[in-house]
Amino acid sequence: MSDLLVLDHLTTRIDTARGSLVPVDDVSLRVPAGSAVGLVGESGSGKSMTAFSIVRLFPTTAARVQSGRVFLDGQDLMTLDEAALRRVRGRRVGMVFQDPSTYLDPVLTVGEQVAEAWAMHFGWEGAWERAVEALGQVGLPEPAETARRFPHELSGGMRQRAIIAQAIVCRPQLLIADEPTTALDVTIQAQILDLLRQLRAQMGMTLLLITHDLGVVAEMCEIVAVMYAGRIVEVGPAQPVFLSPRHPYTQGLLASAVSVQQAQVITRVMEGSVPDLRHPPAGCRFHPRCPHVMPTCRTEVPPMFACEGQTAACWLHDPAVVAREGRP
Amino acid sequence: MATSAEPLEGFAAPRALRDFWARYRRSRLAVGGLGLVIALVLAAILAPVLAPYDPISTSLQSLRPPGTPGHPLGTDDLGRDILSGAIWGTRVSLLVGVTAAATAVFIGIVIGAVAGFYGGRTDALLMRVTELFQTIPRFVLALLVVALFGRGLGKLVLVIGLLAWPQAARLVRGQFLSQTSAAYVDAARALGMPGWRIIFSEILPNVLAPVVVLGSLDVAQAILLEASLGFFGLGDPNLVSWGGMLNQAQAYLRNAWWMSVFPGLGIALAVIGFNLIGDGLNDAINPRLHE
């Protein structure tokens, strides 16, 4: 299977008045065509900024891609100028954002907004019909009727469907969904996830799902990438990563997920918190919180070590380092 | 926005308009203002039919008081019918008022939108220019321009428009500043929309309400400014205008009150009408009063 999206040593920095930070630091990731990849991490781990970096769509003008490449279907997006990039956004890369209540323009009808998303790339002719069709595809009842409604006339779940319709109306190759269910209640979450799965199957779309919810990833994705403090710490097929995580951070993350066993809710919390990205720790960024920390971890950035199907950025997988410094 | 202007099936204007009218109608004053303006517009359109005389034709019956047979509002020093003059004067006032306000609002929207949307240095530069224009005393500059370039309706409109835009620009900029960080703008960017398109088809409809209000108040202002210039003899000499009639009346304030009162009443009614509409619109479209 060929890769639809390749991030190659992507680094994005934000220059602020109080110093610069690097929310995406040397991130490499392959997203095979037709697959669903989950990008997981805590708040502030850089997972959303990674997604924004793909089409250089930053929430602040202070952010810019410093180095690295992004290939979409073999084309290097970093060589494109703003106008060429606009033709990629929406048309080849659709995006779904977190909060459905704010991502629709309050004064335009849902149909107008979906139609506009289409017209932007293909012209106004037939745009309305296409919009109604897309609204039907995302499972909105009576799409022709709903198209004439304003966002405030729809429920949260319906709005999120409308946003998805906007994202898929041009049939993009890649759909980036940034926390698509976080703002929704649990039953609606399940419906939206079902919808994304179904659209993927129907349209052969590749999905990059950004979330902090491990359950969602386990349910939706074949491949999972775990981010910590701007770096990817572990990548691999979802099942092995969840069953036998190779990076201490992933292990901690999975251990801290609430598990219900024998009518007993066990909550475990990882010690410490995500470091300030303005002053990241040297070496492995997880070392201040890592239970297995070794001297090398404090000074050297760990490369990605292959361990069976997975790769993990952890010195524990370097036998030489472990032999020298590891605890018996 | 040329591409999106075609009437496309399903676009929701009619219902929004109906809701809007229902809210507007709640204020009696606003409806009264609208009635007043409609009456003035009709008078302007039907002037040739309504006016009993040609407003510039002189007669020997000069300085007749109101109630004179054939001249219900009297005549001026040259025997011209005041009623006919007042009716024809509506045309100039409305034309100048509306086109000048439209010019001002248009310039204001473009400059304010660009400043508010792009921010940073663009914003700083455009706002300094705006402030510069605001510091110029309107009336003095209008006098200067008319004195230098001569009198004429087109010039008058341009001068008034060029003097009135800063207010609209500041308003639009403020609105854009608050909207540019809205999530739907990010969403529009993610759909591949270019900046100008986000400005005009996504954000502008959100901020249009207060601009329309300002526009109707600008009309009143422009009518007043045009009349003031006319009063000082700087109106278009070839047209009958309320300001021009007031200019004529200056010499006869003591012995022919009707020469100044009726054109003055016209100005007052027009200004009050547009101000009432402005207030009514403000109440009707103010988003905070929605729902």
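Each value in this text was obtained by applying a stated rule to the coordinates, not by laboratory testing. This structure is a prediction, so every number in the text was calculated from the model and none was measured. In this analysis, Cβ positions are derived from the backbone assuming ideal geometry, glycine residues included, and neighbour counts consider all displayed protein chains.
Within 10 Å of the Cβ of each residue in A:89-95, the mean number of Cβ atoms contributed by other protein chains is 4. With R₀ set to 41 Å, the beta-carbon distance separating A:Ala282 from B:Thr122 gives a calculated FRET efficiency near 0.55.
Put simply, the Cα atoms of the stretch B:8-139 extend 67, 43, 29 Å along their principal axes, the longest span coming first. The length gained on full extension between B:Asp77 and B:Ser62, counted as 0.36 nm times the residue separation minus their Cα-Cα distance, comes to 4.9 nm.
Where both bridge residues fall in the protein assembly as shown, DSSP classifies roughly 65% of the beta bridges as antiparallel. Averaged over peptide A:166-177, the number of partner chain Cβ atoms lying within 10 Å of each residue's Cβ comes to 1.
Multiplying the residue separation of B:Arg25 and B:Ser178 by 0.36 nm and subtracting their alpha-carbon distance yields 52.1 nm.
When each of the peptides B:73-86, B:203-216 is scored by the mean number of other C-beta atoms lying within 10 Å of its residues, the order from highest to lowest reads B:73-86, B:203-216. Comparing the protein assembly as shown with the 2.2 N^0.38 Å rule of thumb, its C-alpha radius of gyration ratio is 1.33 (two decimals).
If you bin all the Cα-Cα distances of the stretch B:114-181 at 5 Å, starting from zero, the percentages per bin are 4, 16, 22, 18, 14, 11, 9, 5, 1, 0.
Within the listed set A:Ser43, A:Ser273, A:Ser28, the residue fluctuating most in the Gaussian network model of chain A (springs between alpha-carbon atoms under 10 angstrom) is A:Ser273.
Looking at the stretch A:128-284, the DSSP beta bridges with both ends there are about 65 percent antiparallel. Helical runs (DSSP H, four residues minimum) scored at -39500 (n - 2.57) apiece and divided by the length of chain A put the mean residue ellipticity at 222 nm at -9500 deg cm²/dmol. Within the listed set B:Gly35, B:Gly67, B:Gly174, the Gaussian network model of chain B (springs between alpha-carbon atoms below 10 Å) gives the highest mean-square fluctuation for B:Gly67. Using θ = phi - 60° in the Karplus curve 6.51 cos²θ - 1.76 cosθ + 1.60, the 3J(HN,Hα) couplings for the stretch B:45-62 round to 5, 8, 3, x, 7, 6, 6, x, 10, 5, x, 10, 7, 8, 8, 7, 7, 9 Hz; x is entered for Gly and Pro. Placing a pseudo-label 7 Å from each Cα along the Cα-to-Cβ vector at B:Ile38 and A:Thr182 gives an inter-label distance of 5.3 nm. A Cα-only calculation for the stretch B:178-232 places Rg and Dmax at 17.8, 56 Å. Note on B:Leu208 and A:Glu308: their simple-model spin labels are 6.1 nm apart, each label 7 Å out from Cα toward Cβ. Legend: mean number of C-beta atoms from other chains within 10 angstrom of residue C-beta atoms, peptide A:99-108, equals 6.
Springs between Cα atoms under 10 Å define the GNM used for chain A, and in it the highest mean-square fluctuation of A:Gly157, A:Gly272, A:Gly283 occurs at A:Gly272. Taking 0.36 nm per residue of separation and subtracting the current Cα-Cα distance, fully stretching the chain between A:Ala320 and A:Gln239 would add 26.3 nm.
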